Amino acid sequence: MNSRRGSHTLVFGMVMLVLLAVPIFAAPWLSLDDPLAMNAGARLARPSLEHPLGTDRFGRDLLTRTLHGGRTTLLSCGLALGSALAVGMLLGALAGMFHGSWFDIVLMRIIDVLLAFPFMVFAMVIAALFGTSLFHLLLAVVILWWVNFARLTRSIVLNTRKSTSVDAAFVLGISPLRILLKELLPQAFGPVLVLATFELGHLILAIAALSFLGLGSQPPSPEWGSMLADGRAHFMTTPHVLLGPALFIVLTVLAFNCIGEGLRDRIDPYEKHRI
Amino acid sequence: MGRRLLLTFLQTLMTVFAASIVLFALIRLAPGDPAKLLIGRTMEIALDERTYAKMLGEMRTEMGLTGSWFSQYLSWAGSLLRMDLGTSFYTQRAVAAEIGERLPATFLLAGTALLIQVGIGLLIGMLSALHAGTLLDTLVRLGCVLLASVPGFVIGLLLLLALAVKLELYAIGSEAGLSRLWLPALTLGLLGAPQMIRVVRANLLSELGQVYVQSALSRGLGTRRVVGHAMRNVLLSTITLIGLSLTASISGAVVIESIFAWPGLGEYALNGILHKDYPALQGYALVTVLSVVGIHLTVEALYVWLDPRITRRKKEAAHE
Amino acid sequence: MNRKKLLLPLLFIFVMILWGCSGGGQAASENAAGNRAEAAQADNSAPNSGEAPGTDEKAPQELVIADQEIAAALDPVQPLTSSYLIAIGAGETLFKADPEGKIRPVLADSAEAIDANTWEISLNPEAKFWSGKKVDAEAVVASLERSRELDKQVVPYIQDLTFSAVNASTLQVETARENMDVPLNLSSYQTLIHNAEAAYDSVDTMDLSGMYKVTAFEPQKRMELAVNENYRGTKPAIARVVHEQISDEQTRVLSVLSGASHIAHKLPVSAIEQLQAEDTVTLATTPASNTQTVYLNLDQPKFQDVRVRQALSWGIDRQELILQAAEGQSFPVTTWLSSNPAFAEARSAVYAQYDPEQAGRLLDEAGWVPDGSGIRMKNGEPLTLSLMTWGGDRALGETLQYQWAQLGIQAEIQHGDYSLIETARETGKWDAFIEAWSTFGEPHTLLTGQYSPEGGGNYGGFDDARANELLAQLEGASDEASRHALALEANTYIAEQAPVISLYPRPQVTAVSSTLEGFVDHFRPFENLVNEHLKFVSP
């Protein structure tokens, strides 16, 4: 029952993600308007055949901007999270492999310190000190977000290391690096993937919130969070300006959450790892 | 038990110390000269060069920007220990006093939101678990996934538009009064609810699957009493999440505070960013770090005190 | 399982909330008490009307002003505090600019230039501080000297002035430079006259002279005021004023729309469209006397060619710019000084209309010729321009970028904090940025600040022999008419040289509830929010 529901959720999430991702990544090749082209005559136009999601205060086509904005959002979040994941897995695996060594101890203390900084607070401090830009936000993501992956990888590697096959490998004189790569890390891929899927959803929401506060992506390149911040002023008279980016954020995060749920039910049905 | 707590406490102190170094270093790494920024902002018409240079020199001494990094850190850390967070560039008031004025509002909001979140979480989570597999359960699960996918500020804006502007049930203002509390608290509570529901549901389901519950049921004890008993254990297992939610509410309520003009810490920090007010931001970051660490420590202590068994289990799960 | 232990988490939460409640609640109840006491004292007829504005049947007697920021302290020498105190009627200066830009006496009675270096100012004999102490020459000198000592912001206005009391009602001002406009300098909000002997750490001891007295104050949250019963002039019709801080601009919009406040100040231009659709508020959108200006870095080789700079100015459709970036609430200004009401005649003195052909011709002549894709190139390099913007100028930058792109210029926008612009200026690595300096003040001070080689606002490094000569003549001019003519000539000449590109005065958007009558739109709204004629009417 569990696994069947898991499959449904997984398939649903995948299909939704594909439906969203195809137009977003194909946007430059679709014959759409220029996302930057202004038209003072068509400001805040309501949805029509010409502009399916209407236009913004500069008369720019909102569908085009939402799709182009999606590229920025998805690519930057994916890249930042990917970097955090790579760093986290590497450090976590090493710490798990050499459990109790000075490296492990120092790493765990560094993690403790980083855990004391909530992401929003850290991102705000970075934005205030070094300037508001999407790049600085993503930097903050990489600096803080690897911690979760490191902790998960470390605990899985540690668990697996205790199993007999690894001990046997040690006895046979196989190099620790080889054991790590061949035996230990593959065990972590599943749970880390599940975690990454959920975290990507969280990250998109967090970046949107920071952009909404004006601390993220800067004009004129479209990005979902800053499009929402721009549209907020026209929310009451022309609510459609929020429709595109809001809907895309919700659907994208929903897709990732569904995929995460589905994957978890498959890979880790007993929620052993408390992802 | 006491020794373990003491150890954790010492570790926490180390963490705070390291965090203060991180903050200090970040501010020194930032581009731009704080003394220049401070003077530049207030001058509408530039002075002649000599007056300016003199003013800059005075300002640097006043702000403790002279001497080596090490001595600057020592004097800064020393003033921190005396609860002196410096003077705001922008308002020229003590940052500690300004934060002190805003802390109650933030705690009030976070606490109320937490109550709402726990209330919703317990109620819906229990219903969902008791009716596991039914349509109700599926709907709850769907609702949770959906709610967790909507940005908080979108929910906040919609509620504000509907309740304050259309229905006029909510007065927009700047005071931290009880009449203005419910809407931001509700928004924050709703945002945290899905997580709470899931944890309660999952834990209650696993409790109900335990041998003692099954045997109690087979011995003919009433479902209500058995569930009640199981709920106590569930409540215990939500302490970690409650700690996390509190942290999130204190640090992450920036957007909600900004939308509802709630005069808490988040609003203070946003103004700090706007005005490049380094001491204000530094103070804000330090206070949040302290609350995060304090909440962690409290959660830890609660576990140790309430149930050493659980502590061991949690520890193993987290650190193995 | 022990029952007592289980209660602990709940107890913990409960204690947290109690703590929060007690703090917030205490402040709130103190306020309420203050409110009621004040209501009883100031307005016996409607003691409860202030508690829930908008819900009462009778017209409310409490005016609520939602502002981006209110005072952080009570002491007028603290940064910006004096401007807030003046804006809500608590503080006064010796002189003040009226909505037409004329300088009128407030605490002063009249002012007279005795010779090129001396002014005599006679004071209003009726003027008193809240404590009853007379605002005499001694008190005025003490106030200005206290500001000079403690407020760095006041320095530019009084650094060349020496004050002395001739007798109780006459003040003498010696000026270091000749022909200075002393009343103009003493109309700046930083010169607020306060009782220098009073303590400014509580509302009970502070001592100003305005028509409203501060009765309660929470820094950067809320200031409450009530009518000063001993005020010398017309007493205001509205008994109480609340100045409250709502930092988020959209929340301020919602606040005035929902009736929670009567005046919402510093609203974003993007809210205009939404506010115009509502009949419960009216809009005041007087453009301030400042000029949104693109500053160009004249050290960059591409901007050393005057034709390129002129082309940038010809190629701007200022009408469309105002529509897109200021919702149509301003007017084009092609010369820098002309956003000042006194120099309105020079508004379209140079780049009278949008002329992309002329811009194209100038760029062609300068050697920047379009390639196949329309991008202008010279020696294999494209014509690029990186424009830095900050604050509310995001839409302005985006529109400029688009308009210049139509000319074949690859413009890019960097929107960020002001500190980025400052850092870029220090390193010299910048093309252009937008800033809006005030154009209200002495023309010579303003123009030298912008265009003389050592001017603090001459960011681009403009140094032109003819301009310097005109500025020197302006400094020496002894009568008002020749000063005005010379200022105009210098202003037009500089606009032709285009070291900067003037766009339009930045509009100040204030929404006023339609239940409120008598709000006066002023080009310096940051010090003119209330006046004695404001009153409530039934809509």
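The values are calculated or read from the model by the stated rules, or taken from the named source; none is laboratory data. None of these values were measured; they are calculated from a predicted model. Ideal geometry is used to build each Cβ from the backbone, glycine not excepted, and the neighbour counts take in all protein chains shown. Areas reflect the complete protein model, heavy atoms only, side chains present, ligands, DNA and RNA absent. Shrake-Rupley method; radii C 1.70, N 1.55, O 1.52, S 1.80 Å.
For the Cα atoms of chain C, what angle does the longest principal axis make with the long axis of helix C:480-497, in degrees from 0 to 90, nearest 10?
With both axes taken from Cα atoms, the answer is about 60 degrees.
Out of the stretch C:307-393, which chymotrypsin sites (Phe, Trp or Tyr not before Pro) are coil in DSSP terms and have no more than 14 other C-beta atoms within 10 Å?
Listed in order of number, the matching sites amount to none.
May I ask you to list the trypsin sites (Lys or Arg not before Pro) in the stretch B:213-300 that are in a DSSP loop and have at most 15 other Cβ atoms within 10 Å of their Cβ?
Hits after loop and neighbour filter: B:Arg219.
How large are Rg and Dmax for the stretch B:101-262 when calculated on the C-alpha trace, in angstrom?
Both quantities, over Cα of the stretch B:101-262: 18.1, 58 Å.
If ligands, DNA and RNA are left out, what is the accessible area of C:Val369 with a 1.4 Å probe, given in Å² to the nearest 10?
Near enough 80 Å² of accessible area.
Taking R0 as 60 Å, what's the FRET efficiency between C:Asn230 and C:Asp364 from their Cβ-Cβ distance, rounded to 0.05?
In this case the efficiency is close to 0.25.
Can you work out the FRET efficiency for the pair C:Ile375 and C:Ala472, with r the C-beta to C-beta distance and R0 = 41 Å, to the nearest 0.05?
In this case the efficiency is close to 0.45.
Kindly state, as a whole number, the per residue volume in cubic angstrom of the convex hull around the alpha carbon atoms of the protein assembly as shown.
198 Å³
Relative to the longest principal axis of the C-alpha atoms of chain C, give the angle of the C-alpha long axis of helix C:465-476, reported between 0 and 90° and rounded to the nearest 10°.
Long axis of C:465-476 versus the principal axis of chain C: about 40 degrees.
Full extension from B:Leu142 to B:Arg224: what is 0.36 nm times the residue separation minus their Cα-Cα distance, to one decimal in nm?
26.9 nm
Please give the net charge around C:Val203, taking every other residue with its beta carbon less than 10 angstrom from that of C:Val203, where Lys and Arg add +1 and Asp and Glu add -1.
Combined, the nearby Lys, Arg, Asp and Glu give -2.
In chain C, once you exclude exposed trypsin sites (Lys or Arg not before Pro) (DSSP loop, at most 13 other Cβ within 10 angstrom), what's the longest stretch remaining?
The longest uninterrupted stretch comes out as C:178-428.
Under 12 Å from the Cβ of C:Ala498, count the other residues' Cβ atoms, weight Lys and Arg +1, Asp and Glu -1, and hand me the total.
Surrounding charge for C:Ala498 is -1.
Going by alpha carbons, how many degrees (0 to 90, nearest 10) lie between the helix axis of A:240-267 and the longest principal axis of chain A?
20 degrees
Can you list the trypsin sites (Lys or Arg not before Pro) in the stretch A:94-177 that are in a DSSP coil and have 11 or fewer other beta carbons within 10 angstrom?
Answer in residue order: A:Lys162.
With the crude spin-label approximation of a point 7 Å out along Cα→Cβ, what separation in nm comes out for C:Ala342 versus C:Glu112?
Each label point lies 7 Å from its Cα, and together they span 2.2 nm.
Could you identify which residue out of A:Asp167, A:Asp265, A:Asp61 has the top mean-square fluctuation in a GNM of chain A using Cα springs shorter than 10 Å?
A:Asp167
Under 5 Å between amide hydrogens, which residues at least 5 positions from C:Leu534 or on another chain qualify, with H placed 1.01 Å from N in the peptide plane?
C:Ala237
Can you list the DSSP H helices in chain B whose Cα atoms extend at least 20 Å along the helix axis and whose mean Kyte-Doolittle hydropathy is -0.5 or higher?
B:2-29, B:95-130, B:182-208, B:223-237, B:278-306
So, counting K/R as plus one and D/E as minus one, what does the shell of residues with Cβ under 12 Å around B:Gln72 add up to?
Residues near B:Gln72 contribute +2 overall.
Would you mind calculating the gained length between C:Glu145 and C:His484 on full extension (0.36 nm times residue separation, minus the Cα-Cα distance), in nm to one decimal?
118.9 nm
For the cross-link pairs C:Lys128/C:Lys266; C:Lys213/C:Lys535; C:Lys266/C:Lys535; B:Lys276/C:Lys302; C:Lys134/C:Lys213, which exceed 23 Å when the distance is taken from alpha carbon to alpha carbon?
Long pairs (Cα-Cα over 23 Å): C:Lys128/C:Lys266; B:Lys276/C:Lys302.
Can you give me the accessible area per residue for chain B, using a 1.4 Å probe, in Å²?
Ligands and nucleic acids excluded, the result is 44 Å² per residue.
Under a 5 Å amide H to amide H cut-off, with H placed in plane at 1.01 Å, what residues pair with A:Arg57 once short-range neighbours are removed?
Under 5 Å from the amide H of A:Arg57: A:Leu44.
Quick one: if you stick a label point 7 Å off each Cα along the C-beta vector at B:Ala97 and C:Glu138, how many nm between them?
Those two pseudo-labels are separated by 3.1 nm.
Under a plain spin-label model, where a point goes 7 Å from the Cα along Cα-to-Cβ, how far apart in nm are A:Leu79 and C:Glu320?
So the two model labels end up 3.2 nm from each other.
For A:Val18 and A:Arg178, FRET efficiency with R0 = 56 Å and r from the beta-carbon atoms, rounded to 0.05?
According to the calculation, E is roughly 0.90.
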